[in-house]
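Before any comments, here is the structure.
The values are calculated or read from the model by the stated rules, or taken from the named source; none is laboratory data. The structure displayed is predicted, hence computed values, not measured ones. Please note: Cβ atoms are built from the backbone with ideal geometry, for glycine as well, and neighbour counts cover all protein chains shown. With ligands, DNA and RNA removed, areas are computed over all heavy atoms of the protein, side chains included. Shrake-Rupley method; radii C 1.70, N 1.55, O 1.52, S 1.80 Å.
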Amino acid sequence: LQKVGPGTFALWMATLAAVHDSILWLLRFPGEAEAHLKAAAQRAGIDPSRLLFTDKFPSERHLTLKQAASVLLDSLEYNGHVSGLDALWVGLPMVTLPGDNMARR
């Protein structure tokens with residue numbers, strides 16, 4: 001979550017507001033961020049229960065679980081790299097934007 005800034009989070013909250021039966025599935029890393037992000041979701045008018053935090057999984061299980069998602073929303077500050085490759089590998093579409101430095105391609 002250190003790769004997610006306020007701009008990305010605001011876009012993700014707007015997406016949750018627009019897609020009413022959606023959830024945002026995030027890695028619980030660092031664990032302290034969970035309470036802060038749920039509070040930020042609440043302030044944005046999003047039910048915090050729509051943010052799902054999970055721990056890291058072994059690679060094979062991670063790829064299997066990723067197939068349960070509908071789309072990967074990339075972050076603006078630091079693009080997905082391995083997460084993006086994993087998503088594409090299992091056929092999960094990814095929404096991203098070009099950037100102006102190596103981390104943002």
Criterion (at positive phi and loosely packed, with under 15 Cβ neighbours inside 10 Å) met by exactly one of Gly5, Gly45, Gly31: Gly45
Scan the helices (runs of 4 or more DSSP H) fully inside the chain and keep the ones with 2 or more residues being acidic (Asp, Glu) and more than 13 Å from the chain's Cα centre (by Cα). none
For a quick check of your reading of the model, give me the residue pairs whose first member lies in the stretch 81-105 and is of a type in the set (Asp, Glu), whose second is modelled with pLDDT under 95, with beta-carbon atoms closer than 8 Å and at least 6 apart or on different chains. Asp86/His62; Asp86/Leu63; Asp86/Lys66
Cβ pairs under 8 Å, 6+ apart or interchain, first in the stretch 1-22 and acidic (Asp, Glu), second in a loop (DSSP other than H, G, I, E, B), ordered by first then second residue, are none
Under the condition of being at pLDDT 90 or above and open to solvent by 40 Å² or more (accessible area, probe 1.4 Å), which residue from the stretch 66-84 is nearest to Gly7 (Cα to Cα)? Leu73
Within the stretch 55-103, residues touching a helix residue (DSSP H, G or I) at 6+ places or on another chain (Cβ under 8 Å) and among the polar types (S, T, N, Q) come out as Ser75, Asn79, Thr96
